[in-house]
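Only one structure is covered here, and it is reproduced in the block below.
What follows is calculated from the coordinates using simple rules that are stated; it is not laboratory data. Fair warning: this is a prediction, and the values are worked out from it, not measured in the lab. For neighbour counting, all protein chains shown are included, and Cβ atoms are generated from backbone atoms with ideal geometry for every residue, glycine included.
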Amino acid sequence: MSKNIVGRHYELSDSIREHISESIDSLDKYNLNIISSNTIITADSKTKKNVSVELVLNLKDKNTIVITQSDQDVYAATDNAFARAQKALRRHADKIKDHKVMSFKDLGDEAEAVLELDAQDIELVPMDLELHKPLDFEEAIEALKAENKRQFIVFNDHDGLMRVMYKRADGKFGLY
């Protein structure tokens, strides 16, 4: 992970840099693969009393966490910023952990497709192809008017593109 610690209108001492570097290292416990961190410490240009700390964490998969914290003491501002960063990273880690796996890509390298099927368990049901022929625009309108149960219907438009027609609550038809 690359660390960038910069002071704007503020002279950074070695102890502040070390404190921020240790705080950044403590964020690795969430195992979110932090690619880079940028910490910008800015002093108020007029009064020089308030210090603002901006923390930008770039995570893998194009996720970025940005935290800005102001205080009169630079150590208090950095501690509050890193406490907020830990909370944000914990929430992000929980979101990733609770994510349901939806594809083989999400399963990883251990995923295996089922190669053998028992032919006795498979039952084929023949269907009438006349019922599932592609519809044109007028046929789709007539089919939706005739049916009470169906809410939408898919058909091919005059350009050959798949379109969806649906019944609206006011009795009119919508088209995607």
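Arranged by the count of other C-beta atoms within 10 angstrom, fewest first, what order do Y10, Y75 take?
Ascending Cβ contact count within 10 Å gives the list Y75, Y10.
Could you tell me which of A43, Q72, F82 has its Cα farthest along the dipole of region 30-95 towards the positive end, charges placed at Cβ (Lys, Arg +1; Asp, Glu -1), taken about the Cα centre?
Of the candidates, F82 comes out farthest on the positive side.
Residues with beta-carbon under 10 Å from that of Q69, excluding Q69: net charge, scoring Lys, Arg +1 and Asp, Glu -1? Intermediate values should be presented prior to the final figure.
Details: positive: R84; negative: E54, D71, D79.
Result for the local shell: -2.
Arrange H19, H9 by Cβ neighbour counts within 10 Å, fewest through most, would you?
H9, H19
Can you figure out the FRET efficiency of K46 with A76, using R₀ = 22 Å and their beta-carbon distance, to the nearest 0.05?
Computed FRET efficiency for K46 and A76: 0.60.
Arrange M1, M165 by Cβ neighbour counts within 10 Å, fewest through most, would you?
Ranked by crowding around the Cβ, least crowded first: M1, M165.
Net charge near L57, counting Lys/Arg +1 and Asp/Glu -1 over other residues with Cβ under 14 Å of its Cβ?
+4
Please compare each pair in K46/K87; K60/K97; K29/K95; K3/K49; K29/K87; K60/K95 to a cut-off of 23 Å on the Cα-Cα distance and tell me which ones are over it.
From the list (K46/K87; K60/K97; K29/K95; K3/K49; K29/K87; K60/K95), the Cα-Cα distance tops 23 Å for K46/K87; K3/K49.
How high is the relative contact order of region 2-97, given as a whole-number percent (alpha carbon pairs under 8 Å, six or more residues apart)?
Here the relative contact order equals 24 percent.
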